[in-house]
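Q: Submitted below is the structure of interest, expressed as structure tokens.
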Amino acid sequence: MTGTKVVTGQLHRVQRGRGKGFASEPPVTPARRPARVAVMLALARQIQRAIDRGKLADQAEAARRLGLTRARVTQPLDLTLLAPEIQEQLLGLEFLDAARTPSERTYRGIDRSHPWPQQRAGFEKLSVRLLRSTHHAPIAAIPTLDRGASAPEERNRLRMHKNDRRA
């Protein structure tokens with residue numbers, strides 16, 4: 001009896017660790033969570049508040065208590081020197097995946113010593129650059145842009161805006 005069996009239904013490809021297989025149930029969509037830069041900025045704000053209130057003497061004490069180097073504590077604390085609107089945008093970022101979510105290091109390039117209007121301009125330039133790069137594709141992960149437009153529409157809008165400034 002070597003008859004063929006026909007099975008009807010749906011199979012969903014799933015990955016568990018390094019192994020791949022099939023399951024009858026669709027994979028669970030991952031929970032939404034904040035981007036790492038948002039978490040680090042929130043931590044930096046808490047550290048700065050603790051220093052301002054006198055609960056911590058300085059950044060060195062914060063580093064000792066957290067088990068980090070002073071340099072590593074300084075990096076997210078520098079983000080607190082950005083314009084409030086930029087901080088708000090960073091706090092609203094969500095994690096997509098490691099390859100497509102901009103990291104904290106990406107935002108360190110915004111010069112914190114400049115006045116807030118110049119910081120905003122630098123932030124917009126960075127947002128445009130992230131939009132154009134291939135590994136930061138989704139618009140949802142890039143702050144301050146029109147989230148209702150598709151990627152090509154947004155690129156065209158940004159090009160037109162750039163050309164208007166040159167004229």
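A short reminder: the numbers here are calculations on the coordinates, not readings from a lab. What you are looking at is a predicted structure, and each value in this text was computed from that prediction instead of being measured. Cβ coordinates were reconstructed from backbone atoms using ideal geometry, including for glycine residues, and neighbour counts include every protein chain displayed.
Q: Suppose we filter Gly54, Gly17, Gly67, Gly21 for residues that are more than 28 Å from Phe95 (Cα to Cα) and out of contact with any Gly (no Cβ under 9 Å at 6 or more places or on another chain); which single one remains? Explain how you work it out, then say what you get.
A: Details: Gly17 fails: more than 28 Å from Phe95 (Cα to Cα); Gly67 fails: more than 28 Å from Phe95 (Cα to Cα); Gly21 fails: more than 28 Å from Phe95 (Cα to Cα).
Among Gly54, Gly17, Gly67, Gly21, only Gly54 is more than 28 Å from Phe95 (Cα to Cα) and out of contact with any Gly (no Cβ under 9 Å at 6 or more places or on another chain).
Q: Okay, next question. Hey, any hits in region 19-35 for a residue that's in contact with a Ser or Thr (Cβ under 8 Å, 6 or more places away or on another chain) and surrounded by 11 or more Cβ atoms within 10 Å (Cβ to Cβ)?
A: Yes: one or more hits.
Q: Run Leu81 past the list (1) closer than 23 Å to Pro117 by Cβ; (2) hydrophobic (A, V, I, L, M, F, W, C); (3) in contact with a helix residue (DSSP H, G or I) (Cβ under 8 Å, 6 or more places away or on another chain) and report the number of the one that doesn't hold.
A: (3)
Q: Does Arg45 satisfy the condition of being charged (D, E, K, R), exposed (fewer than 14 other Cβ atoms within 10 Å of the Cβ) and either in a helix (DSSP H, G or I) or in contact (Cβ under 8 Å) with a residue 12 or more places away in the chain (or both)?
A: no
Q: Give me the residue from region 51-78 that is within 30 Å of Pro117 (Cβ to Cβ) and hydrophobic (A, V, I, L, M, F, W, C) and, out of that set, surrounded by the most Cβ atoms within 10 Å (Cβ to Cβ).
A: Among them, the one singled out is Val73.
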